[in-house]
Amino acid sequence: EGSGIVATAMSWAGEDALGEAIHQALAPVAHLEREWDINKLEKRMRQYFKNGSKGLEFASNPWPELIEEYATRVYSSIFTALNDRQWLAEADFLLVLDAGIKDGFPPALLSGIPKHIFEKAVLNANDRAFEEQRYLPILWDAITQIIQSPKVKKKAYDAFEEGRKNAAGYIGDEAGSPLQTFVQAWIFATIERLCPDGGGLPQELLAPETATLLFHSLIGAGALPLPLVREQGAPPPRWPFIDEAVLQAYLQVEMAAPPKPPEKGKGKGQGKGKGKREEGSSDGFGGWPERGEAFTAFGGGAAKRERGVEGHDRGADRGDSKRPRPSGAASRPRPSGTPEARGTLGMAKSRRGHPRCTQSEDCIGNSRTDLVQHLDGDILGDIYCSLCWGMFAEHDPSLIAMAVED
């Protein structure tokens, strides 16, 4: 140990380190177990940690991946068998996982790894796997109680599982507090994950009202990460932030989705000219000009969808004079709204946004969204994607822009 290199379980403690670690981990919570005596409980736990290493591909996979897989296997077994035990949330199995790895992994695989690097890897794997596997029974209970369709149940389960995984790294203050930032990221990632199964629109698979109910049920049942709740405190019942974040996520995902093509045989000029659509077509924007032709604000689409969530922009008044607007080549709009509103847009950065849009990280379009350029008299201004421009133009119909080649 003094050399700073990882040792095996037997040489580390000179005895059955796994059994001792299990005994120590269960000691503070053993009195809360109502079905098994302590001997049976320790025996079962030993079985879970022993079996976790069976079948791992030690010869082909790197040791950090093996530790992650081992942790997932162990905690999956524990929460599958004992998910009704309330005391699991109070137990700390970090040292048991450490001992289980040293007991079940080939000594040659761990030899030479600096001790502090190994311990960091074990800590990360432990916290991730514990939280993920603790969450899944809670998720399944909520899904089965609220959703009736078997087909929708499976797709919603997958989306809510993946969404929470993807939100794990969001713990800053972008949405006002670490708790709000995590919840906002979790909601956005979940709603975005619903898109492929909903034909690009999440509401085709799961209504916003149902998603809101699910998030309230999950958080009320304890689905928030335990370390985050211990640090930040639990949110209040029927937390209004959830309702607002769900509506923002649906709006954000819907506006970033590529428009559906018009049906064959309908619409003037069908198939003639890229981007040319009849007013009232499936994307909701109204007529599009030929490239290079000047035009005023769009009349529908993003603007209409945005009105659908009025009052849920955390204080960003629709008529507020502080809302940014283009004013010529020398002027660049700044992100609008409160930290909550900016947080949702910011989370979309890695997934959405047109690389040429002036709104940069706050762009609500994507790489396939058409571009326009602001015209201030005869002065060419900044370039925006059509979705971002539509939001500006909704508040000032006098704004003029021209379509540009991407």
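Every read-out reported here was derived from the displayed coordinates using simple, explicitly stated rules and does not represent laboratory data. Since the model is a prediction, treat every value here as computed from it, not as a measurement. Glycine gets a Cβ as well: all are built from the backbone with ideal geometry, and neighbour counts include every protein chain shown.
Taken one residue at a time, the phi angles of the range 29-46 give Karplus couplings (6.51, -1.76, 1.60, θ = phi - 60°) of 10, 4, 5, 8, 7, 9, 9, 10, 6, 5, 5, 5, 5, 5, 5, 5, 4, 4 Hz. Gly and Pro are set to x.
Pairs on different chains or at least eight residues apart, Cα atoms closer than 21 Å: how many lysine pairs in the range 83-222 fit? Show your work: numbers first, answer last.
On the way: Lys102/Lys115; Lys102/Lys120; Lys120/Lys165; Lys153/Lys165; Lys154/Lys165; Lys155/Lys165.
Lysine pairs meeting the criterion: 6.
For Gly381, nonlocal amide neighbours, meaning residues 5 or more places apart or on other chains whose placed amide H falls under 5 Å from its own, are His374, Leu375, Asp376.
In nanometres, what is the gap between the two model label sites at Gln47 and Asp84, each 7 Å from Cα along Cα-to-Cβ? The answer from the label model is 1.7 nm. A crude spin-label estimate for the pair Ala108 and Glu35, with each label 7 Å from Cα along the Cβ direction, gives 4.2 nm.
Between Asp158 and Glu57, residue separation times 0.36 nm minus the direct Cα-Cα distance comes to 33.7 nm.
Does the range 118-191 come out rounded, prolate or oblate by the C-alpha gyration tensor, with a ≥ b ≥ c the root eigenvalues, rounded set by a/c under 1.5 and, if not, prolate when a/b is larger than b/c and oblate if not? Could the numbers behind the result be given before it?
Details: a/c = 2.73, a/b = 1.41, b/c = 1.93.
Note, shape of the range 118-191 comes out oblate.
Dimensions of the range 155-250 from C-alpha coordinates, computed as largest minus smallest value along each principal axis and given longest first, are 39, 25, 21 Å.
Normalised by residue number, the volume inside the convex hull of the Cα atoms of the range 1-150 is 126 Å³ per residue.
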